[in-house]
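Engineer: Quick one: structure below, then a few questions.
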Amino acid sequence: MSKIKKVAFELKEYEFPEPFKITGAIHTKAENIEITVELESGTKGMGEASYSYRVNGEMIASLLAMENNVNDMIKGVDVKDYRKIFDIIDGFSRTAPSVKAGVQFAVLDALSAEIGVPVYQILGGSTNRIKTDKTVGIDELENMVEKAKKYYYTEGYETLKIKVGLDLKEDIKKMIAISEATKGASYIVDANQGYSPKEAIQFADATYRNGVNIVVFEQPTMWNDLDGLRLIRQNSPFPIAADESAKSKYDAYELIKEGCVDFINIKLMKSGISDALAIVELAKITNTKLMIGCMSESSVGINQSVHFAAGTGAFTYHDLDSHILMEEDEFRGKFKQSGQEITL
Ligand SMILES: [Mg+2]
């Protein structure tokens with residue numbers, strides 16, 4: 001009865017009330033694919049693919065066209081044998097990792113409904129409580145400072161993620177101003193590949209000398225410049241994280257082996273559940289730290305990362321805020337949230 005009867009894809013659109021600007025992109029809306037896995041028993045599981053052309057090279061039309069193929073590949077397989085399903089669709093890692101993530105989670109969600117055990121407990125049940133940060137996109141200095149103050153003082157987010165990478169001198173000014181306006185906060189600074197290695201080292205040096213409490217310096221330089229990333233790591237007082245550089249478990253292995261990172265930013269939309277699980281183990285073996293991030297997931301997609309993060313208990317920082325930056329008619333996560341506090 002727990003065999004898969006049907007997999008359905010549905011396109012959903014969400015607006016960002018304020019354009020969300022990062023180096024290399026401005027997001028005004030998200031186009032996500034909602035993935036429903038229906039079992040012979042009638043039980044359903046739900047996942048979401050929030051695709052990325054910039055990071056994964058994915059295009060929405062080709063992802064939507066995969067619906068029949070996915071049905072052909074996993075129809076009739078029992079969700080209790082979920083590893084078998086993970087392996088069947090592992091080839092999507094290179095072509096459609098967000099679909100891989102959404103299908104893999106929907107399978108776990110269906111299993112969860114079938115056996116009455118929440119997904120985070122199927123994944124290990126390490127904790128039932130995590131804290132997320134909130135992100136300040138690229139904007140004029142005054143607006144970024146105002147947003148940081150609002151998120152820190154009014155909304156209570158202790159860790160703020162700050163987007164930089166377009167203009168080194170401006171970025172240094174902005175970080176110092178934000179730091180002075182939100183004393184006591186921690187910052188995850190994300191350059192989204194915007195700096196040269198030299199610029200990244202200058203940024204780290206200037207902010208460090210001004211006492212800015214940067215806890216993670218994320219993807220300062222181009223995804224394929226591993227030598228550059230290593231050079232920055234060796235010359236930065238702040239821990240360096242790979243995001244765009246670290247998509248699959250193989251990328252993570254390479255980055256760690258080559259001494260390029262202190263942190264890996266796992267996103268299910270880059271790795272799916274299966275590679276994300278492998279990276280968690282790799283990080284444990286090598287004493288590498290982890291953070292978990294998101295693309296433009298709604299509450300359905302953020303739910304996936306919340307359950308993954310709580311289940312594995314593997315993450316020092318959680319950057320799971322896309323759902324609160326977009327407009328959504330109805331909250332559909334299987335978790336509770338009050339500001340930064342997320343509970344299951
Ligand atoms: Mg990033």
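Every read-out reported here was derived from the displayed coordinates using simple, explicitly stated rules and does not represent laboratory data. Everything numeric in this text was worked out from a predicted model, so none of it was measured. Every residue, glycine as well, gets a Cβ built from its backbone with ideal geometry; the counts of neighbours run over all protein chains shown.
Engineer: Rank-order 215-228, 270-283, 80-93 by packing density, defined as the average count of other C-beta atoms within 10 Å over each peptide's residues, highest first.
Structural biologist: So the order, starting with the most tightly packed, is 270-283, 215-228, 80-93.
Engineer: OK, next. Please give the helix 168-181 orientation as an angle from the longest Cα principal axis of the chain, in degrees from 0 to 90, rounded to the nearest 10.
Structural biologist: Here the helix axis deviates by roughly 90 degrees.
Engineer: A further question on this structure: Treating cross-link reach as a plain straight distance, find the aspartates and glutamates whose alpha-carbon is under 12 Å from the alpha-carbon of Lys5, omitting any fewer than eight places away in the same chain.
Structural biologist: Qualifying aspartates and glutamates at Cα under 12 Å: Glu38, Glu40, Asp72, Asp78.
Engineer: Can you pull the percent of Cα pairs in the range 102-163 with separation above 14 Å?
Structural biologist: 67 percent
Engineer: For a quick check: sort Ile324, Ile342 by the number of other beta carbons within 10 angstrom, fewest at the front.
Structural biologist: Least to most surrounded, the residues fall as Ile324, Ile342.
Engineer: In whole Å, how far is the Cα centre of the range 214-233 from that of the range 79-101?
Structural biologist: Here the answer is 29 Å between Cα centres.
Engineer: I would also like to ask the following. Go through Lys29/Lys267; Lys149/Lys173; Lys44/Lys84; Lys247/Lys336 and tell me which ones have a Cα-Cα distance over 24 Å in this structure.
Structural biologist: Long pairs (Cα-Cα over 24 Å): Lys247/Lys336.
Engineer: With point charges of +1 on the Cβ of Lys and Arg and -1 on the Cβ of Asp and Glu, referenced to the Cα centre of the chain, which listed residue (Thr43, Val55, Val136) lies farthest in the positive direction of the dipole?
Structural biologist: Thr43
Engineer: How large is the convex hull of the Cα atoms of the range 82-211 per residue, expressed in Å³ as a whole number?
Structural biologist: 163 Å³
Engineer: Using the Kirkwood formula over every pair of different C-alpha atoms, what hydrodynamic radius in Å results for the range 210-333?
Structural biologist: 14.9 Å
Engineer: Roughly what angle does helix 97-115 make with the longest principal axis of the chain, taking Cα atoms, 0 to 90 degrees, to the nearest 10?
Structural biologist: Long axis of 97-115 versus the principal axis of the chain: about 50 degrees.
Engineer: Let me ask something additional. For the range 146-240, what relative contact order do you get, as a whole percent, if you take Cα pairs closer than 8 Å and at least 6 residues apart?
Structural biologist: It rounds to 27 percent for the range 146-240.
Engineer: Hey, what did the range 4-117 get for relative contact order, percent, Cα under 8 Å, at least 6 apart?
Structural biologist: Relative contact order comes out at 31 percent.
Engineer: Between helix 197-209 and the chain, what is the angle of the helix's C-alpha long axis to the longest principal axis, kept within 0 to 90° and rounded to the nearest 10?
Structural biologist: 70 degrees
Engineer: So what is the diffusion coefficient of the chain in µm² per second by Stokes-Einstein at 10 °C and 1.306 mPa s, using a Kirkwood Rh over Cα pairs?
Structural biologist: Rounded, D is 78 µm²/s.
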